[in-house]
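A short write-up of the structure that comes next.
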Amino acid sequence: MKKRDVAVLGVGQTKFGYHPDKSLVDLFAEAFYEAFNESNIELKDIQALYYGNFVGEMTDGSANLSGFISDEIGLKGIPARRYEAACASSSVAFREACLAVAHGIYDCVAVGGSERLYNAGTAIGTRALATAVDGLHEMTAGLTFPGVFALAARLYAKKYEIPMEKLREKMAQVSIKNHKYGAMNPKAQFYNKFGDLKVEDVLNSKVICSPLTLFDCCPMTDGGSVVIVASADFAEDVIDKPVYVLGTGQSGAGGLFRQKEDIIRAIPRKVASEMAYREAKLTPKDIDFVEIHDCFTIAEIIASEAMGFFEYGKGADAVEEGETWVGGSIPINPDGGLIGKGHPVGATGTSQIYAVVKQLRNEFKYNQVRDAETAMTDTLGGDFGTLVNVILSIHRRG
Amino acid sequence: MGDRITYTEYFDALVNGKLLGYKCKDCNAYTCPPKAVCDSCGSQNLEKVELSGKGRITTFTTTYIAPAGYDKEVPYTVAMVELEEGPWIVGRLDVENADEIGQDLIGEEVVVEGREFPTEMFYPDKKRRVVPIFRLVR
């Protein structure tokens, strides 16, 4: 069956940060109405709701949220479902929503996510995040998420024969860049904060899981984000500047101990990104900028290699040489990424879509990538377990 | 799907100094910890075996910020070890000053044994948590 082209009508995102006064439903509703109000449609046009949430049970004592959310935001009675894939929850939801539209199941759907990890506090938040490692064999040792990426950092340094202290300096550049951009983004958790970090600030901040310090890590965040997706024909009828979904990909893997040394090559990401490139009929050279899952500094470096922007082992040099800054060959995370913008896990994937769509429409005033026409998102769920890549463009498939 | 190793059996054996796993009757690869099929070829044709419990450190990290339920144990060092037979396993490194030694720990020989810790609210085993402990062979 020939698949239909898919486009984004509207996008919305709450301010990321600390929201002690807004529930998971409230955060989703706020983002939804921003997206809906720019989509030029009526509520009755939305035929289904795809909701991403990771640990509502642990942070808010709530599961089964998709139906409640659908009703609370005025989408009464439509099919609604929740997607859980750790940090990639709303990216998996987004891809499934696009597939449903592409295959003619729906013409127009709402997809997004919400999460409240800041409000849950560090101990519960850390335990909740750790539910995404292998529950028996990794959790028994007390492996946490910073721990996962600390293991990857040491393996990376060993494999590519980079002295650990040298690698830490290169990793620090990711934090400096993403904090600089996050400080420029009014919706970022660290808006107006940490915009001028120095290498020493990163190296000397509190050690979380050696060798990773606080500034190597993204924060705990509350927030929501929503995207309205429709068939490209539907979109062209109702708005002037749709952004088209040219390709998506998803892949997965088991625990760290099953992936072994491959964790630093992020094989599922290679598979997922190649799937997206193939569908879009594009290569990494065609991508103008990318929103990468920088949950930790080393994560961005590994991702930039697996997606084909740099050779394996060279991503750490690329950030130090400015290749991944705005103005470089492949700007990464001009919205601040997870490190600067924040990481409300279930809302992160569709907030990357939000950032890309705003950029491609030339509406990202505070850190616009000039002449960007085609861009990509990259979301990682769990310990290199679930990977989703999406390619978006102002040009409809030829 | 005959001779299956449950996780309770796996951890009981580990506490008694034995590391259990499977050897694949089709491709001869080892799988540890146990899973439904051979980790290399996907075959269900597996034989239950005892592994040597010896391996080398491939990477490690010392954790200073613990999740709820693990706060009394910090700082602790989590490591991955490549076993002699090929599989990698996750556990804790019984080394006080891992951060001071740094990257030189990678490649060091270790043996694994199981140690019982109190369980926590969300851990699948409600009686205890068996942690694989890696001891340096020097």
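The values are calculated or read from the model by the stated rules, or taken from the named source; none is laboratory data. Please read these numbers as outputs of a predicted model, since none were measured by experiment. Using ideal geometry, Cβ is built from the backbone for each residue, glycine included, and neighbour counts are taken over all protein chains shown.
General remarks:
- Selected residue (criterion: surrounded by the fewest Cβ atoms within 10 Å (Cβ to Cβ)) from residues of region A:35-72 that are small (G, A, S) and touching a helix residue (DSSP H, G or I) at 6+ places or on another chain (Cβ under 6 Å): A:A63
- Residue count for region B:97-121 satisfying the condition of being facing chain A (nearest Cβ under 9 Å), in contact with a strand residue (DSSP E or B) (Cβ under 9 Å, 6 or more places away or on another chain) and without any contact (Cβ under 8 Å) to a residue 40 or more places away in the chain: 2.
- For region B:109-118, the criterion of a residue being surrounded by fewer than 20 Cβ atoms within 10 Å (Cβ to Cβ) and modelled with pLDDT under 95 is satisfied by no position.
- Residue match in region A:55-74 (condition: closer than 29 Å to A:G385 by Cα, within 19 Å of the chain's Cα centre (by Cα) and away from chain B (no Cβ under 14 Å)): yes
- For region A:306-344, residues that are farther than 30 Å from A:H19 by Cβ and surrounded by fewer than 24 Cβ atoms within 10 Å (Cβ to Cβ) total 18.
- A single entry from A:D335, A:D317 fulfils the requirement of being within 18 Å of A:V202 (Cβ to Cβ), of a type in the set (D, E, K, R) and at pLDDT 95 or above: A:D317.
- Scope region A:179-193; condition crowded, with 20+ Cβ neighbours inside 10 Å and in a loop (DSSP other than H, G, I, E, B); matching residues: A:N185, A:K187, A:A188, A:Q189, A:F190, A:Y191
- The condition of being within 9 Å of another protein chain (Cβ to nearest Cβ), of a type outside the set (D, E, K, R) and within 11 Å of B:I133 (Cα to Cα) holds for only one of B:T77, B:T61, that being B:T77.
- Checking every residue in region B:89-96 against the condition of being within 27 Å of B:T119 (Cα to Cα), facing chain A (nearest Cβ under 7 Å) and touching a His at 6+ places or on another chain (Cβ under 8 Å) gives at least one match.
- Flag if A:Q13 is touching a residue at least 12 places away in the same chain (Cβ under 8 Å) and within 28 Å of A:D335 (Cβ to Cβ): yes
- Region B:26-53, subset acidic (D, E) and over 17 Å from the mean Cα position of the chain (by Cα), residue surrounded by the most Cβ atoms within 10 Å (Cβ to Cβ): B:D26
- Top-ranked residue of region A:202-218 - restricted to ones that are of a type outside the set (V, I, T) and without any contact (Cβ under 8 Å) to a residue 40 or more places away in the chain, ranked as surrounded by the fewest Cβ atoms within 10 Å (Cβ to Cβ): A:K206
- Within the option set A:E138, A:E169, A:E165, being over 22 Å from A:I228 (Cα atoms), within 14 Å of chain B (Cβ to nearest Cβ) and surrounded by fewer than 20 Cβ atoms within 10 Å (Cβ to Cβ) holds for one residue only, A:E165.
- Of all positions in region B:10-20, none carries a residue that is aliphatic (A, V, I, L, M), closer than 20 Å to A:S210 by Cα and modelled with pLDDT of 95 or more.
- Every listed requirement among (1) more than 30 Å from A:S231 (Cβ to Cβ); (2) surrounded by fewer than 24 Cβ atoms within 10 Å (Cβ to Cβ); (3) modelled with pLDDT of 95 or more is met by A:L117 save one, (2).
- Residue match in region A:49-65 (condition: touching a Phe, Trp or Tyr at 6+ places or on another chain (Cβ under 6 Å), modelled with pLDDT of 95 or more, of a type in the set (G, A, S) and within 12 Å of A:I228 (Cα to Cα)): no
- Helices (runs of 4 or more DSSP H) within region A:301-398 that include 2 or more residues within 18 Å of the chain's Cα centre (by Cα): A:337-341, A:345-360
- Scanning region A:10-26 finds no residues that are more than 30 Å from A:A123 (Cβ to Cβ) and surrounded by fewer than 24 Cβ atoms within 10 Å (Cβ to Cβ).
- Across region B:64-74, the qualifying residues are those that are surrounded by fewer than 20 Cβ atoms within 10 Å (Cβ to Cβ) and out of contact with any Cys (no Cβ under 8 Å at 6 or more places or on another chain), and the one among them that is nearest to the other protein chains (Cβ to nearest Cβ) is B:A68.
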